[in-house]
Structure formats: structure tokens, C-alpha cells
Amino acid sequence: MESLQVIELGEARVGVINTGDLALDLADALGVTPAEQPAEYAADFAEPAQVAVNCIYIGLPGLNVLVDAAAYDLDSSFALPNYTPPPDLIAQLAQIGVTPQEIDHIIISHLHFDHFNGLTHQQDGQFVPSFPNAVVHIGQADWLAAQPKIETADSLEAHTLGVLQQQGRIHPVNGDYALGDAVQILASPGETPGHQTVKLSAGGQTLYCIGDLYHHIVEIAYPQWGVRWADMPTMQQSRAQFVEAALAEDAIVIVSHVHGAGQLAEVNGGVQWRTLERSA
Ligand SMILES: [Zn+2]
């Protein structure tokens, strides 16, 4: 599957950029026993599911936004054997004509490593911002929880968030927050306390970047399931709010770890994922 997908909504241009697949042991992550595993998702449960790590570019006249900034890490315990990652985030942005300097805002869905480890990179032995002009919007609860790690020398957080903090580039977001008329940050706690969703309204259409509200489409069809590390009652509230809005708005949806954009469809009283057809 192509790593880059471009969608247009009126004046807005959206780039869904997969920065590299990771392995997810679904049965373990969801705590689902073999007897409970639905036949149609057997292949995903049989071996570690291969999930995307999407970053999303949203371009509007006078506004360039990035949702999450990931860098593929070969040394991660989630790395797939014999896997060649696609070109990195900056190279894929270049494919759609966007330079790192042009990014005005980065919205971090939540502070798990695979969503923010591309905020900086090493240059002459120093960590420097990969998007030097961007303000980085982070859910306040996640920002507060990250403080001890930022103060730990040589941690990922020190090398990324710490560098940006010193440059005054972090904006902790408390609740919902709007970036102009078209882009809204919506609090959607559960995966982490400061997890946030991004809503784009353009050309009479709606698009949501929902981060890790789900990790795999099996959770959309079986919403009682969720990852072990989430606060599930809170997650369920965030999911319910999102599902109601997305169905009513017939919205396009991008999930961090699901390949390609999609939509929700009501099927037999439940909800299922439908992958959006890619235009040529
Ligand atoms: Zn994630």
C-alpha cells in the first residue's frame, strides 16, 4: 500500500503519511482470548498485526498543520523483521511540496513515543527541532505527566520535548482549542489523560484525525474492546462522542495506526470501518 495519500476537502489539502509499519500483538494488547476472536479478523490475531504510524498534514490558505511527528525506529521492540520503512516524514512532505519550515502548528495526539519522536533530529551531535517554526500543541495532562521524563537526561522526552520547551515552542492545551475557523483540537482522553483529536471542517465536509481512540479496526466493530493501558471508561466516552458526530457528519476519519483514510458505516446496529477509495 502506498505510504502517502492525498485528500482534498474544498480548499484544504490533507496528506495521510504512513511513516512506517509497526507490529502490534492484538490479542495481548486487547486482552482477547482465542475463543473470543472473530473469524473475519483471524489473520490479525494469528500473528502480530502490521499497523501504520500515520502523521497527517493539513494545508489551508495561510495555515499548515501537522498532526503527530513520527520517526521510524528500527531499534524499537515494535519493529517488524525484514521490513523496509517508507521515506521519512520530511521526505514525504517534500513529495507534496511542503517544507519543514512551512509547518506553523504541530498537534500531538498524545505523548506515546510513536507520535512525537520525530519532533527533533540530531545535527552535529545536537538535537534540533525538525519543524523550526512550529508551535507544538500538547494535551495539558500529557504535558504535566511528561515532566519527570523531560528532566531525565538522555531520555526521548528530554531530546524532543525538552529541546522545544527551551525554545518556548510548547503550547499545553487545556480542553478544546481552535486554530482558525477550520481546525479544532478536541480533548478525547482515555488512551492517555491528555489525548486529543483534530477536527477539520472544509468544503462542507468534516475530517477527523482520532489518534489512538482505536488501534485497529477490530475495536471499531467490537467497541467493548480496548488496549490494556487505556482508561477504558474514559476512552468509551471519548469514542461514543466521536462516533455520534462522525456518523452524523458522514466524516472522513484517519486513525493513527490504520492504513489509509476511511469512514464509519452503520451495519446491523453496530459500526464498522470502511476504507476510503484512493483517487488515482
Ligand atoms: Zn500509537
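Here, each number is a calculation from the coordinates, and none is a lab measurement. All of these numbers come straight from a predicted model, not from anything done at the bench. Positions of Cβ are backbone-derived with ideal geometry, glycine not excepted, and every protein chain shown enters the neighbour counts.
With +1 assigned to the C-beta of every Lys and Arg and -1 to the C-beta of every Asp and Glu, and no other charges, what is the dipole magnitude of the range 43-166 about the Cα centre in debye, to the nearest 20?
Working: 1 positive and 14 negative charges, 48 e Å.
In debye, rounded to 20, the range 43-166 gives about 220.
With unit charges on the beta carbons (Lys and Arg positive, Asp and Glu negative) and the dipole taken about the Cα centre of the chain, which residue among P172, A265, Y208 sits farthest to the positive side? Comparing the listed Cα positions along the dipole, P172 ranks first.
Extension gain for E277-D181 works out to 31.8 nm (0.36 nm per residue, less the C-alpha to C-alpha distance).
Residues V267, V32, V53, arranged from fewest to most other Cβ atoms within 10 angstrom of their Cβ, appear as V267, V32, V53.
Is the shape of the range 150-223 rounded, prolate or oblate, going by the alpha carbon gyration tensor and its root eigenvalues a ≥ b ≥ c, with a/c under 1.5 for rounded and a/b larger than b/c for prolate? Please list the in-between numbers first.
On the way: a/c = 2.77, a/b = 1.40, b/c = 1.97.
Oblate.
Ordering R169, R278 from the fewest to the most neighbouring beta carbons within 10 Å gives R278, R169.
In debye to the nearest 20, how big a dipole does the range 4-275 give about its Cα centre with +1 on each Lys and Arg Cβ and -1 on each Asp and Glu Cβ?
For the range 4-275, the charge dipole is close to 360 debye.
Please state the shape class of the chain: rounded when a/c is under 1.5, otherwise prolate if a/b exceeds b/c and oblate if not, all from the C-alpha gyration tensor. It is rounded, given that a/c, with a ≥ b ≥ c, falls under 1.5.
Here the range 198-235 and the range 1-44 have alpha carbon centers that stand 12 Å from each other.
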